[in-house]
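The values are calculated or read from the model by the stated rules, or taken from the named source; none is laboratory data. Since the model is a prediction, treat every value here as computed from it, not as a measurement. Heads up, the Cβs are rebuilt from the backbone with ideal geometry, glycines too, and the neighbour counts pull from every protein chain shown.
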Amino acid sequence: MNKTILVTGGAGYIGSHTVVELIQADYKVVVVDNLYNSSIGAIQAISGIVGQKVIFYEADCADKKILHKIMTKHSPDAVIHFAGYKAVAESVVKPLLYYRNNLDSTISLLEVMREHNCTQLVFSSSATVYLDAKEVKYNEATTKTNRPFSPYGTTKLVQEYILEDTVHGEQFDNLSGLQVVSLRYFNPIGAHSSGDLGEDPNGIPNNLAPYITQVAVGRLEQLQIFGDNYNTPDGTCLRDYIHVVDLAKGHLSGLEYLFKQSGKFFDAINLGTGKPASVFDVLHSFVKAVGRKIPYKVVSRRDGDLPEFYADPSKAEAVLSFVTKLDLDKMTADSWNWQSKHPNGFN
Ligand code: NAD
Ligand code: UDP
């Protein structure tokens, strides 16, 4: 029988792309999202792409009563937990909001999973757990996680600690034990190749790719490049951009890996390409995709930006047999296809 996967935050950017891949791989999917940072349009878009209705609950996953009802009805075999707030700058201003939502949702989810004998979880973590690492090529075993520079980042690291401690504790012992795979994402960009599903941030985007596409589509005036005087080949920061569809597929590999485990199990795995690209690389790739110049100006550095970091992706290849397939030009072409087809996102 097909396995049932509960996807929290499945209306969001990465979650919605993962739901498409899951359904297309014949998993039964149940989505829970409170639509804090997403819209019902994403659920409708998924349905359009996969050609079937998506089982969706508009609910907060810190609400144990509702989670309990959903789990009773659907008996999921595993959970992929995307739900959380993710805006770094907002988390600096509203740390309690971030600690409350991100930690509460994970703790509540674990408690309800335990009640329902559901013991397998894939968690959305982030490369931000490595900050301030001293190396630039982040490896799961040798790069130390350190206090991240934002409350958002701290919530990700603390959620990893909560998960790992719960794996090693005794509260799942009368079941088969808890198994968790924590996926540490680098910089997801791109969109579904249909052009009907993509990133639709609330308000003015903080991230590079949606900012550029909104300039290209005329919603914003010009891109501001935060510093071109770093000690990097073209002076702008280097990041590891990963196509959101590759990233989504990484979750299916993560699930398969999880299904092979039993007993107490925790593992953290990077999902990135291992290939750094600069802000100018991304911009030039978008210019090719859009077919015209994209206005920009160089401004001063953004607080907290590191000159460069990227994944050591070798563990994902070794344990998940996961390698990324889509390059930067495909990422920007797909982002632009989505934005140009839907200038105002899902609205
Ligand atoms: P997103 O904001 O698009 O998706 C998150 C979804 O979770 C949203 O639809 C939101 O409405 C929902 N949500 C938030 N709190 C909830 C709650 N308490 N109950 C139910 N739903 C809730 O973000 P995304 O980019 O798709 O990120 C998904 C996950 O991946 C997040 O946990 C994020 O921290 C993590 N992550 C994202 C990135 C990135 O650059 N996008 C990088 C690393 C890690
Ligand atoms: N960036 C930029 N202008 C923007 C947004 C981002 O120059 O409007 C740069 C930013 O300084 C960083 C890179 O683009 O070097 C990626 O930034 P993003 O916020 O997307 O990801 P993160 O910094 O979280 O890795």
Would you check if there is a residue in segment 329-346 being surrounded by fewer than 18 Cβ atoms within 10 Å (Cβ to Cβ) and of a type in the set (Val, Ile, Thr)? no
Quick check: is even one residue across segment 14-21 near ligand 1 (Cβ under 7 Å from one of its atoms) and either over 23 Å from residue 272 (Cβ atoms) or outside any helix (DSSP H, G or I) (or both)? no
Pick out the one residue from 211, 161 that is in contact with a Leu (Cβ under 8 Å, 6 or more places away or on another chain) and within 16 Å of ligand 1 (Cβ to nearest atom). 211
Here the residues within segment 228-238 that are within 7 Å of ligand 2 (Cβ to nearest atom) and out of contact with any strand residue (DSSP E or B) (no Cβ under 6 Å at 6 or more places or on another chain) are 237
Take residue 62 and tell me if it is modelled with pLDDT of 95 or more, within 11 Å of ligand 1 (Cβ to nearest atom), among the aliphatic types (A, V, I, L, M) and surrounded by 18 or more Cβ atoms within 10 Å (Cβ to Cβ). yes
Filter segment 156-206 for residues that are out of contact with any helix residue (DSSP H, G or I) (no Cβ under 8 Å at 6 or more places or on another chain) and of a type in the set (Asp, Glu); which is surrounded by the most Cβ atoms within 10 Å (Cβ to Cβ)? 164
Does residue 124 satisfy the condition of being within 16 Å of ligand 2 (Cβ to nearest atom), among the polar types (S, T, N, Q) and either without any contact (Cβ under 8 Å) to a residue 12 or more places away in the chain or part of a strand (DSSP E or B) (or both)? yes
Against the conditions (1) β-branched (Val, Ile, Thr); (2) in a helix (DSSP H, G or I); (3) more than 11 Å from ligand 1 (Cβ to nearest atom), where does residue 79 fall short? Just the number, please. (2)
Can you tell me how many residues in segment 164-195 are at negative phi and more than 16 Å from ligand 2 (Cβ to nearest atom)? 22
Which of the residues that make up segment 197-214 are within 9 Å of ligand 2 (Cβ to nearest atom), touching a residue at least 60 places away in the same chain (Cβ under 8 Å) and farther than 22 Å from residue 271 by Cβ? 212
Entirely in segment 238-347, the strands (runs of 3 or more DSSP E) that have 3 or more residues that are within 16 Å of ligand 1 (Cβ to nearest atom): 241-243, 265-271
Return the only residue of 153, 84 being within 11 Å of ligand 1 (Cβ to nearest atom), buried (at least 19 other Cβ atoms within 10 Å of the Cβ), under 19 Å from the mean Cα position of the chain (by Cα) and part of a loop (DSSP other than H, G, I, E, B). 84
Scan segment 306-325 and tell me whether some residue there is surrounded by fewer than 20 Cβ atoms within 10 Å (Cβ to Cβ) and in contact with a Gly (Cβ under 7 Å, 6 or more places away or on another chain). yes
For residue 228, all conditions in the list (1) of a type outside the set (S, T, N, Q); (2) surrounded by fewer than 17 Cβ atoms within 10 Å (Cβ to Cβ); (3) in contact with a helix residue (DSSP H, G or I) (Cβ under 6 Å, 6 or more places away or on another chain) hold save one; what is the number of the exception? (3)
Would you say residue 273 is surrounded by fewer than 19 Cβ atoms within 10 Å (Cβ to Cβ), within 19 Å of residue 312 (Cβ to Cβ) and touching a residue at least 40 places away in the same chain (Cβ under 8 Å)? no
Every residue in segment 239-257 that is surrounded by fewer than 21 Cβ atoms within 10 Å (Cβ to Cβ) and farther than 23 Å from residue 46 by Cα, please. 257
Go through 188, 233, 205, 201 for me and flag whichever is assigned to a strand (DSSP E or B) and not polar (S, T, N, Q). 188
